[in-house]
Structure formats: structure tokens, C-alpha cells
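Heads up, the thing below is written out as C-alpha cells.
The values are calculated or read from the model by the stated rules, or taken from the named source; none is laboratory data. Just so it is clear, the structure is predicted and the values come from calculations on it, not from any experiment. Every residue, glycine among them, receives a Cβ derived from its backbone with ideal geometry; neighbour counts consider all protein chains shown.
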Amino acid sequence: MRGLPISNQPEKIRTAVYHYITRWKLKKADTKLVETSLFFDGAAIGRILLLRGLFAGGILAFALGQKRWRVNYGIDPHRETGTKLAVPFRAKDSPTPRSEFSHPDVVITLTCLSYYYGGLDEEALFSAFSILTKSDNARVEYHEWTRTAPDLPLSFRTLEGVNLRDRAQFKKEIYPRLCFSKSAIDYYLSHLVFSKEAKEFPHKLSASGWDLAKIKDNPTTGFSGTNDSRYVLPTDIMQLDLPEQKHTNALVLSHLLQSQNGVALVPQEAKGTPFNSRMLLDMISGMNTQTRVILDVGAQVIDLTNLEFAKQWLARYQHDDNTLAVVCFNEDDEIIVLDRSGKVEELETSPFAEHMDRCLVFLDESHTRGTDLKLPPNYRAVVTLGAGLTKDRLVQGMWKQDPARILLILLQLVCECGNSGKDKA
């Protein structure tokens, strides 16, 4: 880490600093050795405490282990406040309307990850260039940008070769090669995001679902189709199960465990690599020919948009006269149908609305709940699982469509989580 000359310190100090930044509960000897050493002075203090918060404080473990980009957090360019910080997501590509992350370190970490994963859009990179050209050390900073852009043409490797007035050239030659440059992203975050939006206030207003259930003059009543969340209800709320509905949990599990349903594991050769859309389609291509529905309850299709995934899936049925289109949702939450010619239209006004037996169906995570499609009785559905997926969300996402058979895609990450939980038990 820049500004932290730890390599020049004695081994005893290095070991104590390592314990200091990785362990939440410290021995007094380690604390005293670090905080009384000459090394713990000036700018090094802030850097060591920053690393302690990221590692020992669990910020990195939380951001990388419990949150998924585009599923649990991301950038919302359409939010009314116009914030460029990361915000919570309800489901894949579905940001919450107003909620924000309250912990400042979490906000900063998730914002950095969002831009590292997604890159800068064209307007953001152009804004960074506009600020850069007015700075005193523009050439040195731009050299850092180009170091992480090996494909950038030689003529654009000096700042003098970049003509910001030629937007067509900027869009075609410069933007695609610099939008993922870490140095460029860091510059944009430092000068145009955190400098304007990372503010601190002496007081904070916060609210949660518990505030809706606080004691009032009149009783508060709510409805839920399942009772799985009864253990985390506010203490002022009591779960009231109707006697005639108490059997539904067991009924759902019995349907799920029927012999015609099954579980498919990710192939051995795919383990150790990130799961992506191509792997999912490869698995489905080798399955029963009636596997014509994908319910992405586990939000595994994040490398492609719904329409891009639909195109790739339909391309595998070019020689199948019984498969002519794919039904999915677009970015405006409209249910659409894509045919072989590439034509996209709303399902309601399409002739395929009366010929669902000629269609494949792909529903992303946010649309597996609340979507009611009449599927042919012989259709088989593939349901993806993911880490942190609850039984409540799973059954709500897969039973609404009522396909004849269900096949669960069990990813290696889920297997590892299950095995670790079994070991602890």
C-alpha cells in the first residue's frame, strides 16, 4: 500500500501490524507494540486504521462475501437524487427507489466495486478527461491511466493526442479502451463522486420496517403468503396462522421433492471458474428436450441482459421448427417476445401469445415472482439457486409458473456453503 513502508520494519513490528489489521480482538502486547512504535505516526496511522476497518472490521468480507453486484447493490443512473454512489438493489437490476446504505465505509467500498465491475460510461469518462486537462499534473496522471489500457493505440498514449472536441473519435477509439482503466476510475471517483457526495453530518435520520409496526392506537395488520419470516418480525407484531393454511408448508415441500423433479450440479470441469450464462446454456442444451423454461431465482445471469441472454438461447434452436421465439422481460419491465428474425414486440399483441408451445421462457430474478404465464403442461423448468437464497423466495419464484417438472441448478458455491454448515452442525 502506498505510504505504508511496512517492508522496512523489523519482523516483530510487521507481525504485530498484521495482527492489528486482521484481528478484531487484539492482545495488549500487539496493540502496545504497534501504537507505541515510531512506525505508527503521521499518515501511517490513518492507513493502518483504514486497513483494520476493511479486514478486521469485516467491511471487505461483507462487501465481497454477502453482496453481489447488480443483485444486491449497484449504480442507479435513474434515481431522482442523481446520486453516483452505490445503492441497495431489491433484485437483479432492480434498485430500490429511495433507500441507501447507512454505513459510510460500506458505501465507499460498494461504490468502488460497482465502477470496477461495470466501468465508466462514456459521459463519466469524458467528464474525467475534462477535469484532467485542467489539472497541473495531467500528463503524469494520464500516463497512469494508459498503463492499465494495453490496447490503447500509440497515438492516444499521450494527452496531446487526445482531441476532446472529436466526440466520434473519443467514442470509437478512446472510450472502449479506457472505460475499465482502474486509474481512470479512481480519478473519476476521487474528483467527481466522493468529493461531492461523500459527506458527513452530525446527525442521521433512519427508518426501517420496524417503524411501520410501532405501537399505535389502532392495531397494525399485514399479510404475507408465507410465514418463513415470522422469526424476524418486529416484537410488536405477532404471526397469526390460519388453521386451514397450516399444511401449505409441508405441501410445497412435498411437491418439490416429487420424483419427477431433480437437482443438477455444475460440471466438475467448470468448478473453480465464475459461473456464467454460457455454462448455464451448455448445461441446458444437454438436458431433456422439454426443458424450455429458465427461472433465474438465484440471479446467476448477470453477465448479459435479458434480451442478450434470450438471443443466445434462441440461437441454439436454429434447426428446431418447434422453437420460434423467446419470452422475457425488457429493461422497462415489459413482457416481450423475441423471434428468430430479431424482431421484438410485446407478448400481448404478438401472435405468439396464442402459441406459447413454440416459445422458450426466461424470467430473471425480479420477475419470477408476480408473473403468471400459462405454460404447456409438458414444459420442464430449470431453476437456478444462489448463495443466500431462502426457501421463501425459492418457492415463490418457481411455483407461480407451475411447470410439469422442476430441475434445480445447484452451483458449487451453494454446495460449499451447505457443506460448511453441515460441518458446523
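Is it the case that some residue within the stretch 233-250 is of a type in the set (Gly, Ala, Ser), modelled with pLDDT of 85 or more and out of contact with any Cys (no Cβ under 9 Å at 6 or more places or on another chain)? Even if it seems obvious, please write down each step before you answer.
Kept after step one, since they are of a type in the set (Gly, Ala, Ser), are these residues of the stretch 233-250: 250.
Now narrow it down to the ones that are modelled with pLDDT of 85 or more: 250.
With the extra rule that they be out of contact with any Cys (no Cβ under 9 Å at 6 or more places or on another chain), the set shrinks to 250.
Within the stretch 233-250, one or more residues are of a type in the set (Gly, Ala, Ser), modelled with pLDDT of 85 or more and out of contact with any Cys (no Cβ under 9 Å at 6 or more places or on another chain).
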### Message
Let me spell it out: the conditions are (1) acidic (Asp, Glu); (2) farther than 24 Å from residue 250 by Cα; (3) surrounded by 11 or more Cβ atoms within 10 Å (Cβ to Cβ), and residue 217 meets all of them except one. Which number is the exception?
### Response
(3)
## Note on the structure
Requiring at least 3 residues that are among the β-branched types (Val, Ile, Thr), touching a helix residue (DSSP H, G or I) at 6+ places or on another chain (Cβ under 7 Å) and not assigned by TED's automatic domain parsing to the domain that holds residue 298, the helices (runs of 4 or more DSSP H) wholly within the stretch 11-78 are 11-22
### Message
For the condition part of a loop (DSSP other than H, G, I, E, B) and under 25 Å from residue 408 (Cβ atoms), what is the one hit in 394, 373?
### Response
373
### Task
Would you check which residues across the stretch 298-320 are surrounded by fewer than 20 Cβ atoms within 10 Å (Cβ to Cβ) and part of a helix (DSSP H, G or I) and list them?
307, 308, 311, 312, 315
### Message
Here is a list: 43, 61, 149. Which entry is touching a Lys or Arg at 6+ places or on another chain (Cβ under 8 Å) and of a type outside the set (Lys, Arg)?
### Response
149
### Task
Report the residue count in the stretch 321-340 for those that are farther than 22 Å from residue 365 by Cβ, among the acidic types (Asp, Glu) and part of a loop (DSSP other than H, G, I, E, B).
1
### Task
For the stretch 274-297, state whether one or more residues are aliphatic (A, V, I, L, M), within 18 Å of residue 367 (Cβ to Cβ) and over 18 Å from the mean Cα position of the chain (by Cα).
yes
### Task
Check off (1) under 21 Å from residue 205 (Cα atoms); (2) crowded, with 19+ Cβ neighbours inside 10 Å for residue 76 and give me the number that stays unchecked.
(1)
#### Entry: Failed item, numbered, when residue 365 is tested on (1) under 30 Å from residue 232 (Cα atoms); (2) modelled with pLDDT under 85
(2)
### Query
Can you tell me which residues in the stretch 48-73 are surrounded by 17 or more Cβ atoms within 10 Å (Cβ to Cβ) and at positive phi?
70
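Each row is one residue, and each column tells you yes or no for (1) out of contact with any Gly (no Cβ under 7 Å at 6 or more places or on another chain); (2) touching a residue at least 12 places away in the same chain (Cβ under 8 Å); (3) more than 20 Å from residue 111 (Cα to Cα).
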residue	(1), (2), (3)
144	yes, yes, yes
165	yes, no, yes
168	yes, no, yes
185	yes, yes, no
195	yes, no, no
### Task
Looking only at the stretch 227-236, decide whether some residue is basic (Lys, Arg), over 19 Å from residue 120 (Cβ atoms) and exposed (fewer than 10 other Cβ atoms within 10 Å of the Cβ).
no
### Query
Listed residues 108, 131; which is of a type outside the set (Lys, Arg), more than 26 Å from residue 163 (Cα to Cα) and in contact with a helix residue (DSSP H, G or I) (Cβ under 9 Å, 6 or more places away or on another chain)?
108
